[in-house]
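Chemist: Here you go, one structure.
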Amino acid sequence: MKVLYILAHPEPKSFNAAMKNTALTALKEKGHEAKLSDLYAMEFDPILKASDFPERKNQDFFNPFLEAIKASKTGAFSPDIKEEMEKVKWADLLIFQFPIYFTAMPAIMKGWIDRVLAPGFGFNPVTNSAYDTGLFKGKSAMLSFTTGAPKEMYSEGGAHGDIHKHLESVTHCIFEFMGMKVLPSFIVYEASAMKREKGTEELERYRKRISEL
Ligand SMILES: Cc1cc2nc3c(=O)[nH]c(=O)nc-3n(C[C@H](O)[C@H](O)[C@H](O)COP(=O)(O)O)c2cc1C
């Protein structure tokens, strides 16, 4: 299996980075191939902008949606987007690794989605290609993330509400929309307050999960 691992954490010694290391080692041990997009280390630019489209059609008015659909036909995206698109095309599975920021993924990762999983690339409104006919049919996606808050707070009836529901804007409205199968999320709750032993246990739990993919 070919796996694209997308990490959004600014600290290479963080628990999220340790999860990434654990996963990449486990994937290699199982004979899978993996590529990494370490967004902060790459200084990935999350800002969708006119220069993303070097062969921009309408110079008077910038409509990112229409430019993306046109660029998807010719591949005329900026080099940083094209590089990431090639990794996505190559991958069977996309794993998104991040700390929860305000009950969502960090902005740098959302920016990667906005720019890389562009209209016309993952779905096509012109040909009505979405969900069952999404352009990434055959691929899978998985979220792997940490929270500061305890599980009870992110459960149904808890103060924040069910975390899975909050993330449906990504798992359903982005991944399934593009035709991907969504694997169950891997969640480490209260990661910021975690003792070293608990961290080791969680990494082992993650190693097992990745090995069983
Ligand atoms: C800007 C920001 C927003 C955050 N928002 C949340 C949040 O909404 N819910 C939550 O449980 N934790 C939140 N946190 C805490 C992080 O999720 C937590 O510190 C992280 O998951 C720990 O992983 P790490 O040790 O790899 O950094 C936030 C942290 C930051 C910096």
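Chemist: If you go through region 1-38 one residue at a time, how many are of a type outside the set (Val, Ile, Thr) and more than 14 Å from the ligand (Cβ to nearest atom)?
Modeler: Of the residues in region 1-38, the ones of a type outside the set (Val, Ile, Thr) are 1-2, 4-5, 7-21, 23-24, 26-38.
Adding the requirement that they be more than 14 Å from the ligand (Cβ to nearest atom) leaves 1-2, 4-5, 24, 26-37.
Residues in region 1-38 being of a type outside the set (Val, Ile, Thr) and more than 14 Å from the ligand (Cβ to nearest atom): 17 in total.
Chemist: Within region 98-110, does at least one residue satisfy the condition of being away from the ligand (no atom under 16 Å from the Cβ) and of a type outside the set (A, V, I, L, M)? Let's see the steps before the verdict.
Modeler: Kept after step one, since they are away from the ligand (no atom under 16 Å from the Cβ), are these residues of region 98-110: none.
No: zero hits.
Chemist: Just one of the numbered conditions (1) open to solvent by 70 Å² or more (accessible area, probe 1.4 Å); (2) under 17 Å from Pro119 (Cα atoms) is not true of Glu190; which one?
Modeler: (2)
Chemist: Taking into account only those residues within region 144-159 that are surrounded by 15 or more Cβ atoms within 10 Å (Cβ to Cβ) and touching a helix residue (DSSP H, G or I) at 6+ places or on another chain (Cβ under 7 Å), which is nearest to Glu212 (Cα to Cα)?
Modeler: Ser144
Chemist: Let me confirm something: among Lys165, Lys87, Lys70, which residue is part of a helix (DSSP H, G or I), at pLDDT 95 or above and exposed (fewer than 14 other Cβ atoms within 10 Å of the Cβ)?
Modeler: Lys165
Chemist: Hey, can you tell me all the residues within region 13-24 that are within 18 Å of Gly148 (Cα to Cα) and not basic (Lys, Arg)?
Modeler: Residues satisfying the conditions are Ser14, Phe15, Asn16, Ala17, Ala18, Met19.
Chemist: Which condition does Ile187 not pass, out of (1) outside any strand (DSSP E or B); (2) aliphatic (A, V, I, L, M); (3) within 16 Å of the ligand (Cβ to nearest atom); (4) closer than 19 Å to Leu7 by Cβ, if it passes all the others?
Modeler: (1)
Chemist: Quick one: what pairs do we get from region 122-143, first residue open to solvent by 30 Å² or more (accessible area, probe 1.4 Å), second of a type in the set (S, T, N, Q), C-beta under 7 Å, 6+ apart or different chains?
Modeler: Leu135/Asn124; Leu135/Ser129
Chemist: Can you tell me how many residues in region 1-34 are touching a strand residue (DSSP E or B) at 6+ places or on another chain (Cβ under 8 Å), closer than 13 Å to Leu213 by Cβ, of a type in the set (Gly, Ala, Ser) and open to solvent by less than 10 Å² (accessible area, probe 1.4 Å)?
Modeler: 1
Chemist: So, in region 90-113, how many residues would count as being open to solvent by 60 Å² or more (accessible area, probe 1.4 Å) and in a helix (DSSP H, G or I)?
Modeler: Here the count works out to 2.
The values are calculated or read from the model by the stated rules, or taken from the named source; none is laboratory data. From a predicted model like this one, the values you see are computed outputs, not experimental measurements. Quick reminder, even Gly has a Cβ in these numbers, built from the backbone with ideal geometry, and neighbours come from all protein chains shown. Only protein heavy atoms, including side chains, enter the accessible area calculation; ligands, DNA and RNA are left aside. Shrake-Rupley method; radii C 1.70, N 1.55, O 1.52, S 1.80 Å.
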